[in-house]
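As structure tokens, the structure follows; a few thoughts come after it.
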Amino acid sequence: MMVERAQRMILKVSLKKPRLFSTTTLYEEAQVLTVRQLYILLTVLLQHSNLPDERRKRIAHTRRNYAICRTTAVNTSFAQKYFAFRGGELYNRLNKIVNIANCRKKDCKDKLVKLLLALNYKETEQLLVVAK
């Protein structure tokens with residue numbers, strides 16, 4: 001929360017906006033990702049670089065080609081915040097929306113940034129919600 005506030009204030013100062021300027025309009029004008037969107041981007045890119053190429057190629061020809069990463073089942077909300085759980089979950093969700101499994105890392109990043117910039121706050125939060 002503190003990082004998000006600091007990012008908003010830096011953007012407002014650099015774009016010479018008043019203190020009470022709308023946050024959504026600020027991010028639209030600046031064309032930058034929020035802190036939560038940066039978290040999603042970096043988590044998915046790290047997961048993408050950790051996937052072996054043969055797994056991505058083999059699964060690309062199956063029926064359920066969006067479930068690339070294996071997800072682990074955890075019972076506590078504390079464990080759900082770690083990369084071992086969250087990385088695969090986010091990767092599979094975003095692979096359903098934008099096919100990133102067979103892309104190079106730069107193409108994957110470009111697709112994800114384009115998608116994340118189009119999302120609003122509620123849609124970004126929906127990506128982070130853990131399905132039970």
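Read-outs: derived from the displayed coordinates by stated rules, not from any lab. In this text, all values refer to a predicted model and were calculated from it rather than measured experimentally. Quick reminder, even Gly has a Cβ in these numbers, built from the backbone with ideal geometry, and neighbours come from all protein chains shown.
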For the range 1-43, shape from the Cα gyration tensor axes a ≥ b ≥ c, cut at a/c of 1.5 then a/b versus b/c, turns out prolate
Cβ neighbours within 10 Å, averaged per peptide: list 5-14, 104-113, 84-93 in order, most packed at the top.
84-93, 104-113, 5-14
Roughly how many nanometres apart are two label points built 7 Å out from the Cα toward the Cβ at residue 74 and residue 31?
3.6 nm
Show me the ranking of peptides 114-120, 37-43 by mean Cβ neighbours inside 10 Å, starting with the highest.
37-43, 114-120
Going 7 Å from the Cα of residue 38 along its beta-carbon direction, which residues of the range 97-124 have the amide nitrogen within less than 15 Å of the resulting point?
113, 117
